[in-house]
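To start, the structure itself, in structure tokens.
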Amino acid sequence: MELSLQIVFIIASLWTFWFIIRQIQKKNLNIEDSIVWILWSVLLLLFSIFPQIPIFISQLLGFKSMSNFIFSMFIFFLYLMLFAQSIKISEMKEKNKDLVQKLSIKEYEDYLKTKEKKQ
């Protein structure tokens, strides 16, 4: 890997790490959700500083070039993140449905109580 590309990756990794920490401080990102992103930025920083690691892994796994390995790793990571988000969305939909049902029951009970008082 060329030195200029290595420097760009190091800067990008550090910026990503800083951005994640900043979002946690602003309370835009939960700590639980940010752990994966922090680990990801640290991994990218490690790969940027020590390019021998991804080269070795890509050769070990049979990739023709390190860039193919990095792209595959990115796609796999994004796929896992999408799956995790889908699970969270499904859980939130279920909670939302339960809340709507409970609220409807509560409003109906209140309606019946007011109707009984009028009679």
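Summary table
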quantity: Which of LYS27, LYS113 has the fewest Cβ neighbours within 10 Å, and the rest in rising order; calculated: LYS27, LYS113
quantity: Length released on extending from ASN96 to SER65, taking residue separation times 0.36 nm less the Cα-Cα span; calculated: 6.5 nm
quantity: Residues SER34, SER67, SER41 arranged by fewest to most Cβ contacts within 10 Å; calculated: SER67, SER34, SER41
quantity: Relative exposure of SER4, SER65, judged by other C-beta atoms within 10 Å (fewest first); calculated: SER4, SER65
quantity: Label-to-label distance, nm, for residues given as PHE77 and GLN23 (7 Å Cα→Cβ offset); calculated: 1.3 nm
quantity: The chain, relative contact order [Cα under 8 Å, separation at least 6], %; calculated: 18 percent
quantity: Spatially proximal aspartates and glutamates relative to LYS118 (Cα-Cα < 17 Å; intrachain offsets below 8 disregarded); calculated: GLU107, GLU109, ASP110
quantity: About the Cα centre, charge dipole magnitude for the chain (Lys/Arg +1, Asp/Glu -1 at Cβ), debye; calculated: 560 debye
quantity: Cα gyration tensor, the stretch 3-86 - rounded (a/c under 1.5), prolate or oblate; calculated: oblate
quantity: Ellipticity estimate at 222 nm from DSSP helix runs (n ≥ 4, -39,500 (n - 2.57)) divided over the chain, nearest 500; calculated: -31500 deg cm²/dmol
quantity: FRET efficiency, LEU43 to ILE89 (Cβ-Cβ, R0 25 Å, nearest 0.05); calculated: 0.45
quantity: Test item: Cα-centred dipole of the stretch 61-119, Lys/Arg +1 and Asp/Glu -1 on Cβ, debye; calculated: 160 debye
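Rule-based calculations on the coordinates, nothing more; no lab input. These numbers were taken from a predicted model, which means no experiment stands behind them. Reconstructed Cβ throughout: ideal geometry from the backbone, glycine too, with neighbour counts over all protein chains shown.
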